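The values are calculated or read from the model by the stated rules, or taken from the named source; none is laboratory data. Because the structure is predicted, anything quoted here is derived from the model rather than measured. Note: ideal-geometry Cβ built from the backbone for every residue, glycine included; neighbour counts use all protein chains shown.
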């Protein structure tokens, strides 16, 4: 299957007084899966629609394999698209839906039926090939939509919140299926979602967007462990805001001095960002710096909610087999297991 490098260069878009995209620059390598992640209204879907040719930009260039496709009609861009709402033709069977794009491209009937059946086999729907959309579950309909998008051998696959209408277990299964197909076919893919777990689970890189800007784009590991801004830190995963005192490049948290990643010359009271799994909780028998409020068993791990004498509520995530004696009301000692921390800058 063909695939190519996709570039968005200086893309801007306004809707009246609302800035949807502000000088967006993004490059997706051939065969790479990149997710755009962010809250509603951040510009991620507008960016995808501009790539697809369903929306025009006010400024900027869209390139595919170094070819300027900015003003090219959607049907000439050789891109496959899967929508949130499936958008299957209700009067066509599953195999006929998959064949549709090939039929529009004048592919001979026998060949297009063969290709469509092969794709339905890839997505595990061989036995449902003659069923109509109303006879399929939501997950099965989305698999048909995915097969239809891939049937035309697109240079780029565009996925617009494709799993948000499905229940949790089906979403998990289908996102793994999407990743398996994308890797096996090597299709350059842009995936738009507001679900961080979804984005982090299947992407080569994740771009976090806010108010039309790309705040950071990195591998899931780097994005989670080294957020470039307070917005990214708060949006990706769970984050504690812990009151602390900063002096120069050091901050004092629970009596321990830790280096600051982003000091900016601040001194005085600050809020430090620390993930729950980086908080250590131990019994203190009356000499601690917090009390346990609740312990929630989550299987292999447990969530411990604590409160300091100053009223700060702090969440920790610990292995369940080491936290069974941390009961509500227990005096505990909290510490941060990091060599560097991020200070929240407003």
Checked the stretch 74-95 for anything more than 17 Å from residue 133 (Cα to Cα) and not in a loop (DSSP other than H, G, I, E, B); matches are 74, 75, 76, 79, 80, 81
(message) Looking for something in contact with a strand residue (DSSP E or B) (Cβ under 7 Å, 6 or more places away or on another chain), assigned by TED's automatic domain parsing to the domain that holds residue 138 and closer than 26 Å to residue 98 by Cβ - is there at least one such residue anywhere in the stretch 11-26?
(response) no
Counting only residues in the stretch 153-177 that are in contact with a strand residue (DSSP E or B) (Cβ under 7 Å, 6 or more places away or on another chain) and crowded, with 20+ Cβ neighbours inside 10 Å, the one farthest from residue 28 (Cα to Cα) is identified as 162
Result of the Cβ filter at 6 Å on the stretch 303-318, keeping first residues that are in contact (Cβ under 8 Å) with a residue 12 or more places away in the chain and partners that are in a loop (DSSP other than H, G, I, E, B) and crowded, with 19+ Cβ neighbours inside 10 Å, at least 6 apart or interchain, is 304/326
Per the list (1) assigned to a loop (DSSP other than H, G, I, E, B); (2) within 21 Å of residue 91 (Cα to Cα), residue check on residue 166 breaks on (2)
Per the filter on the stretch 217-235, residues more than 20 Å from residue 270 (Cα to Cα) and crowded, with 21+ Cβ neighbours inside 10 Å are 217, 223
Those residues of the stretch 216-233 which are touching a residue at least 12 places away in the same chain (Cβ under 8 Å) and within 18 Å of residue 198 (Cβ to Cβ) amount to 216, 217, 218, 219, 220, 223, 224, 232
- residue 299 vs. criteria surrounded by 15 or more Cβ atoms within 10 Å (Cβ to Cβ), at positive phi, modelled with pLDDT under 95 and in a loop (DSSP other than H, G, I, E, B): no
Considering the stretch 96-152, residues that are free of Cβ contacts under 8 Å to residues at least 24 places away in the same chain and part of a loop (DSSP other than H, G, I, E, B), and then whichever is surrounded by the most Cβ atoms within 10 Å (Cβ to Cβ), we arrive at 107
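Table: residues versus (1) out of contact with any helix residue (DSSP H, G or I) (no Cβ under 6 Å at 6 or more places or on another chain); (2) in a strand (DSSP E or B); (3) in the same structural domain as residue 36 (by TED's automatic domain parsing).
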position: 242; (1), (2), (3): yes, yes, no
position: 293; (1), (2), (3): yes, yes, no
position: 321; (1), (2), (3): yes, no, no
position: 334; (1), (2), (3): yes, yes, no
position: 338; (1), (2), (3): no, no, no
